[in-house]
Each structure stands twice: as C-alpha cells, then as structure tokens.
Amino acid sequence: MEASQLAKRYGKVYVLRIGHRPERDKRITTHVGLVARAFGANGFVLGDICDQHVIDSLKGVLDRWGGKLEIICGVDSKKYCKEWKRSGGEIIHLTMYGIHVDDVIDEIRRSPKPKLIIVGAEKVPPFFYEIADYNVAIGNQPHSEVSALAIFLDRLYEGKELHVYFENAKLRIIPSRKGKRVECLK
Ligand code: SAM
C-alpha cells in the first residue's frame, strides 16, 4: 500500500509540535517530524516558530526517501487548533496525564474527523488540555514525545503503517539479514 492510501482508509492525520526551543530541541523536534512521516501522518506542523534546520532536515529526508508529508511552520498554535476544530477536525493531545490509549483508541479510530495530534516539549499550557477532544496517555509515566507519537500512530493505524511504501522515493532499502542494501530508483 502507498503511504497516501493510509489517509483514504484512516482519514487525514496531522501532527502539531508545540513548545519547540531552538537552542535545545532541534534534534528531538526533527525526530518528531521523522516519526510523523515514517509512521503515516499526512502533515507536520511546527507551531509558533520556523526552525530552518529542522525544516531542511525533514525536506532532505522527503527528497531522498519519498512521501507526501505537508510541512508547515510558524503558525500560531492556538489559532491553528481553533481553526482545525472550526473546520470539523478533532484534536488528540498526547500527555502522560491523559486517558490510557487502550481505553480510547478504538473510539478515535472510528471517528471520521481529521485528526490533529499535539505533542509538547516542556510544560504544556492548559489551553491545549482544554481544546483537546482527547487527552491520551501512552501509559501514565513520563517518557518522550517521539515514543508517544510513534506508539499512538502505530495503534491508530493497527501496525499497517510499517508496511507502506513511499511515493517519489529516490532510495529504497532492500531488507537484508546482514549489511546494508540500498537501491537507487532515480
Ligand atoms: N510533564 C510534561 C507534560 O506532559 O506536560 C512532559 C513533557 S515530555 C518531555 C514532552 C512531551 O512528550 C509531552 O508534552 C507529551 O506530548 C509527550 N509524552 C511524554 N510522556 C508521555 C506519555 N506517557 N503519554 C503521552 N505523551 C507523553
């Protein structure tokens, strides 16, 4: 299945990264974007700031490894959330304080509404807990936005995202028991 087929089956899914601090979060925010792409999301939004280093890294991966992830940066995160809901979407905020993922994932998957998944950095302002339709915990222990997002998307897509291939790829890995085999497609 092509990556974009996931959207046909499961609906539109965007990831909003809030609270990015350029002096310390470049790597982890880039990893949030990489997980969004590799685990089947359709868009990555870096809220309230444009960090060119992060954006360029993600675009480089898209260029080489393919995919149609829409990348947006610098939007006002609160306005973006309000507009997402106004246009019929729903919001899922990943937080260790939320409802256990196992208790809500089937309900979330059944809903046909476009989904905006929010992940934070340090302390998340109360606004996001309140506007969220679901505050979802990937277990109720603190860990990381990268692991939380990966596990949430994997549960949402029922593991199918790990079997998709990406459109427009220049490179493709040929799985090997040993060593690295990479095929050039263009
Ligand atoms: N105490 C912080 C909070 O939730 O406000 C934790 C910050 S943590 C370093 C950064 C982000 O990782 C959080 O905003 C959340 O999106 C995600 N995260 C960490 N642990 C999580 C968990 N158990 N379940 C869901 N998301 C989690």
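The values are calculated or read from the model by the stated rules, or taken from the named source; none is laboratory data. A quick note: this is a predicted structure, and the numbers were derived from the prediction, not measured. Heads up, the Cβs are rebuilt from the backbone with ideal geometry, glycines too, and the neighbour counts pull from every protein chain shown. The accessibility values were calculated without ligands, DNA or RNA, using every heavy atom of the protein model including side chains. Shrake-Rupley method; radii C 1.70, N 1.55, O 1.52, S 1.80 Å.
Beta-bridge orientation, the chain: approximately 10 percent antiparallel, per DSSP, counting only bridges with both partners inside.
Here the simple spin-label model places points 7 Å from the Cα toward Cβ, and for GLN5 and ASP63 these points are separated by 2.9 nm. Relative contact order of the stretch 3-184: 29 percent, from C-alpha pairs under 8 Å at least 6 residues apart in sequence. Surface composition of the chain: carbon and sulfur atoms hold 52% of the protein heavy-atom accessible area at a 1.4 Å probe. For the stretch 3-184, the residue among PRO126, TYR157, ILE108 whose Cα projects farthest onto the positive side of the dipole built from Cβ charges is TYR157. For a straight C-alpha distance cut-off of 22 angstrom, the lysines reachable from LYS82 (same-chain residues fewer than eight places away being disregarded) are LYS12, LYS113, LYS115, LYS123.
Please return the longest stretch of the chain lacking exposed loop sites, where GluC sites (Glu not before Pro) count only if DSSP places them in a loop and at most 13 other Cβ atoms lie within 10 Å. Don't jump to the answer; show the numbers that get you there.
Numbers: sites that count: GLU122, GLU158, GLU167.
It works out to 1-121.
About its Cα centre, the chain has a charge dipole of approximately 740 debye under the convention of +1 per Lys or Arg Cβ and -1 per Asp or Glu Cβ, with nothing else charged. The helix-based estimate of mean residue ellipticity at 222 nm for the chain, built from -39,500 (n - 2.57) per DSSP H run of four or more residues and divided by its residue count, is -12000 deg cm²/dmol to the nearest 500. Database note for the chain: Cys without another Cys beta carbon under 4.7 angstrom, CYS81, CYS184.
Stokes-Einstein at 25 °C, 0.890 mPa s, Kirkwood radius from Cα pairs: D for the chain in µm² s⁻¹?
Values: Rh = 16.9 Å.
In µm²/s, the coefficient rounds to 145.
The trypsin sites (Lys or Arg not before Pro) of the stretch 71-145 that meet both conditions, a loop assignment by DSSP and at most 13 other Cβ atoms within 10 Å of the site Cβ, are LYS123.
If I take R0 = 22 Å and measure r between the Cβ atoms of ILE131 and ASP154 in this structure, what FRET efficiency does the formula 1/(1 + (r/R0)^6) give, to the nearest 0.05? If you can, show how the numbers build up before the last one.
On the way: r = 25 Å, r/R0 = 1.13.
Computed FRET efficiency for ILE131 and ASP154: 0.35.
Can you tell me the accessible area per residue over the chain, all protein chains present, probe 1.4 angstrom, in square angstrom?
Details: 10040 Å² over 186 residues.
Here the per-residue accessible area is 54 Å².
Run the reach check for LYS180 against lysines, Cα to Cα strictly under 26 Å, same-chain hits fewer than 8 apart removed. What comes back? Straight-line reach from LYS180, under 26 Å: LYS59, LYS68, LYS160, LYS170. Computed over neighbours whose Cβ is under 12 Å from that of HIS31, the net charge equals +2, Lys and Arg +1, Asp and Glu -1.
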